[in-house]
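What follows is a single structure, written as structure tokens, with notes after it.
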Amino acid sequence: VNGWQEDSGLDLIPFIVNYQRKGIKYVICTDIAKDGMLEGASIDLYKRILTRIPEINLIASGGVSNVNDIHELNAIGCDGVIIGKAIYENRISLKELTQFIISN
């Protein structure tokens, strides 16, 4: 909350379920501890969400460092991924992304 300066005090899974009951179908989840750090995506976090709420369309964000992270997120069932710094710092090329899209 407030530019990631305050903790909302909310539990993630019940928060998502509450909105899902209201009709939400897509969730963008950013692990702010990893955002912009290029340390790898929070695979365990996204697995936990998808295990508890398998029908949600999850878009992962934060920490993606290379194309292998994208493959792993796809393998666990994420419907999308937001990539920023990894592209800016040439850790993921547009050629790699194109190959991923074509093969998936």
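The values are calculated or read from the model by the stated rules, or taken from the named source; none is laboratory data. All values derive from a computational prediction rather than experimental measurement. Glycine gets a Cβ as well: all are built from the backbone with ideal geometry, and neighbour counts include every protein chain shown.
Quick grid of which residues meet (1) modelled with pLDDT of 90 or more; (2) not β-branched (Val, Ile, Thr):
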residue: Tyr26; (1), (2): yes, yes
residue: Glu39; (1), (2): no, yes
residue: Ile43; (1), (2): yes, no
residue: Lys47; (1), (2): yes, yes
residue: Thr51; (1), (2): yes, no
residue: Ile76; (1), (2): yes, no
residue: Lys85; (1), (2): no, yes
residue: Leu97; (1), (2): yes, yes
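Considering segment 51-86, and only residues there that are more than 11 Å from the chain's Cα centre (by Cα) and closer than 18 Å to Gln20 by Cα, the residue that is surrounded by the most Cβ atoms within 10 Å (Cβ to Cβ) turns out to be Ile56.
In segment 87-98, the residues that are surrounded by 14 or more Cβ atoms within 10 Å (Cβ to Cβ) reach residues that are part of a helix (DSSP H, G or I) with C-beta atoms within less than 7 angstrom, at least six apart or across chains, in these pairs: Ile92/Val67; Ile92/Ala86; Glu96/Val67.
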